[in-house]
Structures are given as structure tokens and as C-alpha cells.
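I am attaching a structure below and will ask some questions about it afterwards.
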Amino acid sequence: MRQDWRIIGLFIGGVLVLGTIVGGPLLYSIKLSFYTAASFIDPPQWVGLGNYVKVLSEPLFWGSLLNGVTIAISAIVLQVVLGVTIALVLNRQFVGQTVVRALSIVPYFLPTVVACLITQWILDPNYGLLKSVFASFGYGMFDWGGNSTSAKATIVLVSVWIWTPFVVTCVLAGLQSIPAQLYEAARVDGAGVMKQFWHVTLPGLRSVLIVVILLRGIWMFNKFDVIWLLTKGGPLNETETLPTLAYRKAFLEFDLGGGAAVATISFLMLASIILIYLRVFPIDEAKQGR
Amino acid sequence: MLHSSSGSGREISDSTPSVSHGKTTRYYGKSLKQIAGRVGLYAAVALICIYSFFPIYWMILSSLRSPEKLFLDSSLVFWPPDLSSYKSLLQLTNYPANFVNSVMMAMATIAVATTLSSFIAYGATRLRFRGKTTLVASMLFAYMFPPLMLVIPMSALFRIAGLADSLWGLLIAHLAISLPLAVWLLWGFFKSMPFDLEEAAMVDGCSQFGAFIKVVLPLSAPGLITVGIFSFLLSWADYVFALILIMSDDRKTLPVGLASMLGAQDLRWGEILAGATLIALPLFVIFMFCYRYFVAGLTAGALKG
């Protein structure tokens, strides 16, 4: 095929724009992490690894890392368990299947802000729905943002509500690829529903689940908006994670270098975990090319 | 010999009353079990519907209550609807200005992201050069970066470039998050499209560029729509970038403008919920008409996270 210079030109132009607006900031972020600037106006000063040493020696950094990992892992486990369960139900034949499937994806497409505002409204300590429900049973409303466990649990549950539909959609697609003969063979061999699930369904979903867990893990670990909108990292930094810490440093303490260092470290950690994960659970080429 | 003996054996067992009786009870039991299964299935389906939609219903319902009833009424009926929350939202807050900003951002992101990504993805499938795989893989890599690693340097760079507190800067940020996704989606789409069609057009005297415009793009409409929808979602729902890059109230987009009402001294829940409903409304409308593109995009790796 003859190559057309216009196609080449547009392609190169597009790649340059993309490279500039994505690659540029990323490289600048790494550069920033080696500098310190007292304000946005002063010329930044080279401090080498100073920001990294400072960040890594803070207990808050390690606390935030632990919080982030706790929140991410609990959210992923719940998302996968709930997502597979819902997908198995929606995979059955019933009246109104299409409508229910569509309805079940809606939370995923809702802007995070909307989901968080609904949560805040339902959990409002004075006027919320949960308060009226508790009151009808004679209990008072608890202060969900006031202690570590309930604040973390709220973040996890809201994340699960928003992002489980992604798992459901992927698992539903994965279920289509399991041949019906396998189930018939299992039934002939006398396998019950549970055995069929363990020996046919789950192995059939393996490659889908590997990808889903990887992607959800990346996104949960990098999550900023849900946490910021619900708790702002509180109470007393109990729900602070690396993204909120980076934000706090860069934009509330005006330490751009420190914020950039936190973001860079969290990226390096994530990248190394992903590499290990992909070594343990290789994604087969066929699935990736889909 | 064997055949006849097995045949007669079946005949005997069939004629035995006890066995046929056993068969009927088993059949009866199975149908009872089936009925129970159906009931359980529909109960589970109902539970899924409530779980997925009740919070959204509760938001819409609360936004349609009159201010006096909002804090007292917890019934599940919103009739007659009261639009006073919507009225004061549109009259007393920055919401209309924020709405215009959000619409402009979303339109610009859709237009630029779809155009640029089609150039890049088409080149990446049809041009011959080294490092193609690396280029496409780097799109997926771009998903992995923490948003803060993009937005911290952007805020500093935009300050230098005079784009601080500017919607142009925010557009660049929205393109930076939507382009990698758009290229990845369209790359998959163009790759699966047969080259024969363009070659036929080119044999007929069309240039490669002409074939791209007149043959490839029209045939890729479903892919382009999917990319448009996901660019829209990313821009419309973005909170992080708008929070950091925009300072003045009249330049804020909807998510940040609305969230800032939450921090205000007097919590105006009616207005906040009306605003949240209005943010979600365009999504519901698009979702109803383009459901299959949403699902197609999701399974092809269109992530919004």
C-alpha cells in the first residue's frame, strides 16, 4: 500500500500532541520532585533526593500507604465477589433481562461527585435517610465520619457501589465464552451447582478476573475524588491515602516538590506491584488482543 | 442378543408401578424446586434493581420535595413534585454558569479527542514503522499513572504558560486523560476493519487520505460514537483536574461547583440534590439511547475509574 503523506502528517501531529500533553507533565513531575519551592513564584531549588528522603521518613506517608492498601484491597474483594454474584444472576433467563442489566450498570456511569453527594445526603447526621431508619428502630444515628473504621467502610462501600458494574459487565462477557458442553459434561458426571461453579465457571472466568482485578486495583489505589469528597482524609488522617497526601502537600501546604515526590513514589510502587502481578498471573495474548 | 435383553429390561421396569410412581414424585418435586428457583431468581433480580437504583431514586425524589418537607418526609412518593429547589438552584447559585462551562468542556473534549485519536489510531494500524506495539502499549500505560502525577506538574506548567485558572488549561487536562483511552479503543476498531475496503477505493483512484475520510471513517461510526461517549463521560464527570486547575467560581465546572456547595455554611440540601440530578440527567438520556455503545466500550477496555 502506498503511504500517503497526509496520513503520515496527521499521525505524527497527533502523536506529538498526545506526547506533549501526557508525557510533558509526567516528566516535569519527576523533575519537580527533585526541587523545592517555597511558593509558586520563587525560583525552585535543587534538593536532589531531599524530597524523597523527607517524605519516606514521615510516619504519615506510611500510614497513608497502609490506609490506601486496606481500602483498595477491601474494595476489590467486595467488588469481585459481588460482581460475580450479580453477573451469575443476570446471566439467567428472566423477563426484563435487558432492562435490569442496563439498570445495574447505571451507577458506573454516574459522576463520582453525584454518587458521593447522594451518600452524604443519606448519611447526613441530622436529616439523612439512615437516621430516620435508625430512629424507627429506636437507635440514634452514629457519626460515620468520626472514627477510622466507619469512615474507611463508607469509602469502600461507595466505591463498591460505583465500580461493581464494571466487574459485572466483564464477567457477563466472560460467561458467554464458557462452552455449554462443559456444564453438560459436569452435570453428567454428577456435579451439583456448587461443584459446577468451582470447576467450570471460575476457571472459565480466570483470565477475565485477572484483568479486572488488575485494572480495578490500579484505579482504586490511585483514587482521589471519592476519598476527598467523603472524608477529606479525616478523621485525623485515618483515611489519608497517597493521592490525598500528594494533594495535601502540593496544594494545601504549597510543597509542590513534596507532592510530586509522593505521586512519583506511589507510581513506582504501583508499577512494581503490577510487574510482579503480571509475572504471577500472565495475561494470555489472545485475551489482550481482543 | 445384548440389545434385546436390554430392551426387555427397560420394558419390565417401565411396567412396574412402583418405579413409575417414583418417577412422578420426582418430577413433581423437581417442578416445585423449579418454582422455588424462579421465585429466588426474581427476588435476587429485584434486590439487584433496588441496590443499583434506589440511591439514585432517593436523590431525584428528595430534589423534588418542597423545602419544608425535605427534612421531615421520608416517604417514597414524590407526587406532587415541587420544583422550588430547582428554581433557587438556577436563580441563586453559579449553577447555570458552571453548566455552560461543563458543556463547553465536554463538547471540545469530544471533538478534539475523537479527531486526534482517529488520526493516531489509523496511522498506528496502517502505517509501517518500528515501535508500533510500544506506542499502543504506552496508551494502556497512561491509564496507570496517578492523576496527581499529571495534575501537580500541570498546575505549575500552566502557571508558567499563563493558563492558570483557565478553561483552556482544563481542556488540555481533559484531553490528556481521554486521548490515551480514545486511541486504545479506536486502534482495536481500525485493526479489526478489513484493509480490502480501502484498497478497493484506492484502486479506484482515491488517495489513502481520501479512503480514510470517505470509506474508513463512515464505516467506523460505532467506534467513533463509543469514543465520543467515553470522552464525554471523562470530561463531564471530572473532579480532580477541575478542582486543582480552576480557582474562580464563574469558571468552575459542574462537579466542582456543586461539591463546593457542600462545604458552605448553610447546607442547602434541596439545591445540592437538584444540581446532582441535573448533572446525571444528560447521562441518563445518552445512556437510554446509546446503551449498546456503553457496553461495547466497557468490554473493549474503556475504563473510567
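Within the stretch B:185-197, which residues are assigned to a helix (DSSP H, G or I) and more than 16 Å from the chain's Cα centre (by Cα)?
Matches in the stretch B:185-197: B:LEU186, B:TRP187, B:GLY188, B:PHE189, B:PHE190, B:LYS191, B:ASP196, B:LEU197.
Where in the stretch A:169-285 are there helices (runs of 4 or more DSSP H), lying wholly inside it, with at least 2 residues that are surrounded by fewer than 18 Cβ atoms within 10 Å (Cβ to Cβ)?
A:180-188, A:193-196, A:202-221, A:256-280
Still on this model: Which numbered condition in (1) in a helix (DSSP H, G or I); (2) in contact with an Asp or Glu (Cβ under 8 Å, 6 or more places away or on another chain) is the only one that A:PHE166 fails?
(2)
Follow-up. When you scan the stretch B:159-169, do you find a residue that is modelled with pLDDT of 85 or more, facing chain A (nearest Cβ under 8 Å) and either part of a helix (DSSP H, G or I) or in contact with a Pro (Cβ under 6 Å, 6 or more places away or on another chain) (or both), even just one?
So far as the stretch B:159-169 goes, yes, one or more of its residues are modelled with pLDDT of 85 or more, facing chain A (nearest Cβ under 8 Å) and either part of a helix (DSSP H, G or I) or in contact with a Pro (Cβ under 6 Å, 6 or more places away or on another chain) (or both).
Now for a separate question. Looking at this structure, is A:ASN91 under 30 Å from A:THR201 (Cβ atoms) and either aliphatic (A, V, I, L, M) or more than 8 Å from chain B (Cβ to nearest Cβ) (or both)?
Answer is yes for this residue.
When you go through (1) under 28 Å from A:ALA87 (Cα atoms); (2) touching a residue at least 40 places away in the same chain (Cβ under 8 Å) one by one for A:ALA186, which number turns out not to apply?
(2)
Working carefully through the options B:THR115, B:THR109, B:THR125, B:THR134, find the one that is part of a helix (DSSP H, G or I) and touching a His at 6+ places or on another chain (Cβ under 6 Å).
When all the criteria are applied, what remains is B:THR109.
Taking the condition under 21 Å from A:LEU110 (Cα atoms) and more than 9 Å from chain A (Cβ to nearest Cβ), does B:ILE56 pass?
Here the answer is no, as B:ILE56 does not meet what is asked.
Separate question: Can you go through A:VAL211, A:VAL133 and tell me which one is farther than 28 Å from A:ARG279 by Cα and within 10 Å of chain B (Cβ to nearest Cβ)?
Being farther than 28 Å from A:ARG279 by Cα and within 10 Å of chain B (Cβ to nearest Cβ) holds for just one of A:VAL211, A:VAL133, which is A:VAL133.
Identify, by number, the condition in (1) at the interface with chain B (Cβ under 7 Å from one of its Cβ atoms); (2) at pLDDT 95 or above that A:VAL84 doesn't meet.
Result: A:VAL84 fails condition (1) only.
Select from the stretch B:62-106 the residues that are surrounded by fewer than 18 Cβ atoms within 10 Å (Cβ to Cβ), part of a loop (DSSP other than H, G, I, E, B) and among the hydrophobic types (A, V, I, L, M, F, W, C) and list them in ascending order.
B:PHE71, B:LEU72, B:LEU76, B:VAL77, B:PHE78, B:TRP79, B:LEU83
Then there is this: Within the stretch B:261-283, which residues are in contact with a helix residue (DSSP H, G or I) (Cβ under 8 Å, 6 or more places away or on another chain) and more than 7 Å from chain A (Cβ to nearest Cβ)?
Residues satisfying the conditions are B:MET261, B:ARG268, B:GLY270, B:GLU271, B:ALA274, B:GLY275, B:THR277, B:LEU278, B:PRO282.
Among all residue pairs at least 6 apart or on different chains, which show Cβ distances below 9 Å where the first residue, located in the stretch A:241-254, is more than 7 Å from chain B (Cβ to nearest Cβ) and of a type in the set (Asp, Glu) and the second is assigned to a helix (DSSP H, G or I) and crowded, with 24+ Cβ neighbours inside 10 Å?
Filtered contacts from the stretch A:241-254: A:GLU253/A:GLY259.
Here is a further query. Quick check on the stretch A:146-168: of everything there that is among the small types (Gly, Ala, Ser) and within 23 Å of the chain's Cα centre (by Cα), which residue is surrounded by the most Cβ atoms within 10 Å (Cβ to Cβ)?
Looking at residues that are among the small types (Gly, Ala, Ser) and within 23 Å of the chain's Cα centre (by Cα), I get A:SER159.
Here's another thing I want to ask about it. Name the single residue, out of those in the stretch A:96-118 being surrounded by 23 or more Cβ atoms within 10 Å (Cβ to Cβ) and of a type in the set (S, T, N, Q), that is farthest from B:LEU283 (Cα to Cα).
For the stretch A:96-118, the residue satisfying everything is A:SER104.
Being among the hydroxyl-bearing types (Ser, Thr, Tyr) and either touching a Pro at 6+ places or on another chain (Cβ under 7 Å) or facing chain B (nearest Cβ under 8 Å) (or both) is the filter here; which residues of the stretch A:96-130 pass it?
Listed by number, the residues that qualify are A:SER104, A:TYR108, A:THR112, A:THR119, A:TYR127.
For the stretch B:164-182, check the following and say yes or no: at least one residue is acidic (Asp, Glu) and touching a residue at least 60 places away in the same chain (Cβ under 8 Å).
yes
The values are calculated or read from the model by the stated rules, or taken from the named source; none is laboratory data. Remember, it's a predicted structure, so these values are computed and weren't measured experimentally. All Cβ positions, glycine included, derive from the backbone under ideal geometry; neighbour counts span all protein chains shown.
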